[in-house]
Amino acid sequence: MKTVLIVVAVMIALPILKQLIVFGLARLIGRAVGQAALNQQPDQIELMETDEQVWKNAKAAAAIADPLLARGFEPAGTYRIVEMPGVVVQLLAKPEERFLAAIYEHPQVGHWLDLATFYEDGTSSTFTSSKPTGLAPRPGHPMVNAPGAGPLALYARARAERAKGRMKATRAEDAAQEFERAYAESTAWRKRRGISACEVAEVAKAA
C-alpha cells in the first residue's frame, strides 16, 4: 500500500536520472543513486492527526473522499506524515467489506487513492489510482494501478478483482496504526532487497 510513498524518496534523484537515461547510463550507475535515495527513506512513520485546513487543495481531496463516504466508508482521520513534510493522508475504513482507503496529497505528485485489503496470513491487496511506480512488487502484496480512475470505479474494481481469502477488518480507530505498520513492513522488505538499476530507470521513465 505504501510503494508510492517509497517512490517519493527515489524521485529526489530524478533530475540526475533523466539525464542518465538520455546518455544510456541509468542502468550502469542508477542502482547506486536509487539505493542512496532508498536509504534516506525513514524506517517508520508517525501519523499526526490534524484538521481539514492542512490540505493545499481540499476540493481535490473531497472529490475522492465524498463518494466513498456516501458508500458507507467511515472517516478515520486526516494526518500529516511527520517524516514527510508536505504529505497529507486521509484515511477511511469500511470494516464490513475489509477495506482501508488512503487519500494522499503530495506537493509534487498531487492526489491519489489507495484501496487496500489486508489478509489474515499477512498478505495484502492494493488498488491505486496512481500510475505504475517502476518498482517491483513485494511478494504477496500485489498492487493494481488504474491511473486516473475515479474513486467509485476503483472501489468497484477492487471489490470485483481483489484476492479471495480470510480478510482482516480494519476499524476506523485502528486505521492509523495499521497504516504505520504496513509502511514499516513494506519499507523494511524493500531496504533488505535493495533497488535495482533497472527499477531506478523505470521510476525515472514513469515520472
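Please work out the FRET efficiency for the pair W189 and M84, using the Cβ-Cβ distance as r and a Förster radius of 25 Å; give the result to the nearest 0.05. Show your work: numbers first, answer last.
On the way: r = 19 Å, r/R0 = 0.76.
With R0 = 25 Å, the Cβ-Cβ based efficiency is 0.85.
Return one whole number: the accessible area per residue of the stretch 61-207 in Å², for a 1.4 Å probe.
Numbers: 6180 Å² over 147 residues.
Result: 42 Å² of accessible area for each residue.
Give me the distance between the Cα centres of the stretch 92-106 and the stretch 149-195, rounded to whole Å.
Taking the Cα centre of the stretch 149-195 as reference, the centre of the stretch 92-106 is 9 Å away.
Each label point is 7 Å from the Cα along the Cα-to-Cβ direction; what then is the distance between the points at A136 and E49, in nm?
With each label point 7 Å from Cα toward Cβ, the separation is 4.0 nm.
Report the one residue of W112, L92, V82 whose Cα lies farthest in the direction of the positive end of the charge dipole of the stretch 68-151 (charges on C-beta: Lys and Arg +1, Asp and Glu -1; origin at the Cα centre).
Result: W112.
Enumerate the calculated ³J(HN,Hα) couplings along the stretch 164-181 in order (Karplus 6.51 cos²θ - 1.76 cosθ + 1.60, θ = phi - 60°), each rounded to whole Hz, writing x wherever the residue is Gly or Pro.
Working through the residues one at a time gives 7, x, 7, 8, 8, 8, 10, 7, 4, 6, 9, 4, 5, 5, 5, 4, 4, 5 Hz.
What are the residues whose amide H is under 5 Å from the amide H of S130, where those residues sit 5 or more places off or on another chain and H is modelled from the backbone?
Here the answer is L113, A146, since their amide H atoms fall under 5 Å of that of S130.
Please state the relative contact order of the stretch 44-187 as a whole percent: Cα pairs under 8 Å, 6+ residues apart?
Working: 265 pairs, mean separation 34.4, N = 144.
The value is 24 percent.
Need the full-extension length gain, K56 to D174, defined as separation in residues times 0.36 nm minus the C-alpha distance. One decimal, nm.
Working: separation 118, 0.36 × 118 = 42.48 nm, distance 2.59 nm.
Gain on stretching K56 to D174: 39.9 nm.
Which whole-Hz couplings ³J(HN,Hα) result when phi for each residue of the stretch 191-200 is put into the Karplus expression 6.51 cos²θ - 1.76 cosθ + 1.60, θ = phi - 60°, listed in order with x for Gly and Pro?
Result, rounded to whole Hz: 5, 5, 6, x, 10, 7, 4, 4, 5, 4.
Work out how much length A160 to Q108 would gain on full extension: take 0.36 nm times their residue separation and subtract the Cα-Cα distance, in nm to one decimal. Provide the component values of the computation, followed by the final result.
Numbers: separation 52, 0.36 × 52 = 18.72 nm, distance 3.14 nm.
So the chain would gain 15.6 nm between A160 and Q108.
Quick one: putting +1 on the C-beta of Lys and Arg, -1 on the C-beta of Asp and Glu, what dipole do you get for the stretch 62-125 around its Cα centre, in Debye to the nearest 20?
On the way: 4 positive and 9 negative charges, 35 e Å.
Roughly 160 debye for the stretch 62-125.
Roughly speaking, to the nearest percent, how much of the stretch 72-143's 1.4 Å accessible area is carbon and sulfur?
Working: 1340 of 2510 Å².
Roughly 53 percent of what the probe reaches on the stretch 72-143 is carbon or sulfur.
Roughly speaking, what is the stretch gain from E97 to A153, that is 0.36 nm per residue apart minus the C-alpha to C-alpha distance, in nm to one decimal?
On the way: separation 56, 0.36 × 56 = 20.16 nm, distance 1.61 nm.
Roughly 18.6 nm would be gained on extension.
The values are calculated or read from the model by the stated rules, or taken from the named source; none is laboratory data. Worth saying up front: this structure is predicted, and the values here are computed from it rather than measured. A quick note on method: Cβ atoms are made from the backbone with ideal geometry, for glycine too, and the neighbour counts reach across all protein chains shown. To get the accessible areas, we keep the full protein, side chains included, count just its heavy atoms, and leave off ligands, DNA and RNA. Shrake-Rupley method; radii C 1.70, N 1.55, O 1.52, S 1.80 Å.
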